[in-house]
1. With contacts defined as alpha carbon pairs under 8 Å and 6 or more residues apart, what's the relative contact order of the stretch 165-299 in percent?
2. Roll a 1.4 angstrom probe over the protein heavy atoms and tell me the percent of accessible area of the stretch 132-203 that is carbon or sulfur.
3. Near residue 202, within a Cβ-to-Cβ distance under 13 Å, what is the net charge of the other residues, with Lys and Arg +1 and Asp and Glu -1?
4. If we count every other residue with Cβ under 12 angstrom of residue 163's Cβ, Lys/Arg +1 and Asp/Glu -1, where does the sum land?
5. For the chain, take the longest principal axis of its alpha carbons; what is the angle in degrees between that and the long axis of helix 4-13, to the nearest 10 within 0 to 90?
6. Taking the 0 to 90 degree range and rounding to the nearest ten, how far is the long axis of helix 116-131 tilted relative to the main principal axis of the chain, both from C-alpha atoms?
7. Quick one: pull the percent of accessible area on the stretch 206-335 belonging to carbon and sulfur, 1.4 Å probe, ligands and nucleic acids left out.
8. Sum up the charges of everything whose Cβ sits under 14 Å from the Cβ of residue 297, counting Lys and Arg as +1 and Asp and Glu as -1, but leave residue 297 out.
Amino acid sequence: MHTRRDFGKMALAGLPLASLVVSHALHAAPAKLDSTVKGVKLGLITGSLGGGGGAARGATPGAPAPAPPPPLTVDAIIAACIEVGAANVEYAGPAPGMPRLLDSVNFGQPPTSITAAYANSRDAVRQWRLTAPLDPLIEARKKFADAGLNWFSGVETISDDYTDAEIDVTFKRLQAMGVKYFCTNQTRVSAGPRLIPFAEKYNISPAWHTHDKSEDSNEVASKESLEKLLAMSPRFVINLDIGHYTAGNQDAVAFLKEHHDRISHLHVKDRQKNHGPNVAWGTGDTPIVECLHLLRDNHYPIYALIEREYHGPNDGTPVEETKKDMDYMKHALLS
């Protein structure tokens with residue numbers, strides 16, 4: 001049995017994976033990409049591929065969001081997913097034309113003291129959200145389908161100052177994407193009751209995304225906060241980010257065993273305990289291999305998605321590094 005660090009070395013060495021060439025259905029038009037290994041559905045969140053969308057690489061939780069890099073186009077995202085061999089996709093952008101939100105914290109939440117820059121940019125974002133056309137999302141959905149990719153989830157932070165109209169139109173946007181789940185990103189526990197009627201109306205489940213602030217009961221971070229959300233509505237599921245959950249000194253393996261029937265997908269990354277940083281896979285405290293083996297051995301129908309939040313000084317391009325992470329998961333599942 002290899003240790004997690006052994007898997008990290010193998011992935012970073014870029015060992016040949018001739019036996020793991022992604023298969024294509026011979027009778028389908030277009031061919032459908034398949035990234036299922038030993039029954040486990042592998043994929044990625046598109047922020048892993050670089051460009052705007054998703055969490056900023058190397059950002060410090062709680063700090064003001066840095067200016068995002070230029071977003072990748074839909075075509076570039078699709079090409080990168082195919083190159084990585086990731087059939088299952090959580091789409092984190094781009095949102096063409098959306099104004100930048102200034103002075104927000106935690107990637108979209110209002111600051112404790114509202115600044116003029118935040119207030120003005122928040123009004124602009126709200127107006128954009130309420131009036132933005134849905135056609136680009138419908139067209140993007142078709143492109144993903146034509147490429148043989150399974151776009152199954154989106155990403156939305158329902159911040160504390162969302163209006164009901166904004167929540168409704170956000171679910172309409174998710175409906176246009178054709179998804180049944182969405183990663184709640186930085187949405188807080190207190191937003192849960194407000195989301196229930198919209199989840200029921202649109203038949204779309206918020207997948208509550210875990211973070212590391214387990215000492216704050218309003219953050220989606222501790223076992224208790226997750227169980228509180230699950231008790232609110234049968235529509236609610238968990239997007240268990242095993243890296244953040246571990247950094248908050250929570251037990252990802254235990255939670256996965258106990259609540260596997262209410263977990264839609266994992267975000268896979270490696271972090272150190274005690275709110276430690278993101279690190280190269282196999283060098284931190286996150287039980288990546290153990291969690292993947294649980295999915296494999298128990299036939300849990302849970303997606304395992306790469307969320308690449310570490311980029312070392314000598315690393316390659318975002319796509320190259322995401323391919324290494326995909327290889328890591330494949331090695332783990334075949335061990």
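1. Working: 243 pairs, mean separation 24.8, N = 135.
Once normalised by length, the contact order is 18 percent.
2. Values: 1500 of 2810 Å².
In the stretch 132-203, the share of accessible area belonging to carbon and sulfur is 53 percent.
3. Numbers: positive: 172, 173, 180, 201, 235; negative: 156, 168, 200.
Computed value for this residue: +2.
4. Numbers: positive: 122, 126, 129, 194; negative: 123, 160, 161, 164, 166, 168.
Around residue 163, the surrounding residues sum to -2.
5. Here the helix axis deviates by roughly 80 degrees.
6. 80 degrees
7. Values: 2200 of 4640 Å².
Taking all protein chains in place, the stretch 206-335 shows 47 percent carbon and sulfur surface.
8. Numbers: positive: 38, 257, 296; negative: 290.
Summing Lys/Arg as +1 and Asp/Glu as -1 gives +2.
The values are calculated or read from the model by the stated rules, or taken from the named source; none is laboratory data. Small disclaimer: the values here were computed from a predicted structure and weren't measured. Here Cβ is always computed from backbone atoms with ideal geometry, including for glycine, and neighbour counts include all displayed protein chains. Note: accessible area is taken over every heavy atom of the protein model, side chains too, but ligands, DNA and RNA are not part of it. Shrake-Rupley method; radii C 1.70, N 1.55, O 1.52, S 1.80 Å.
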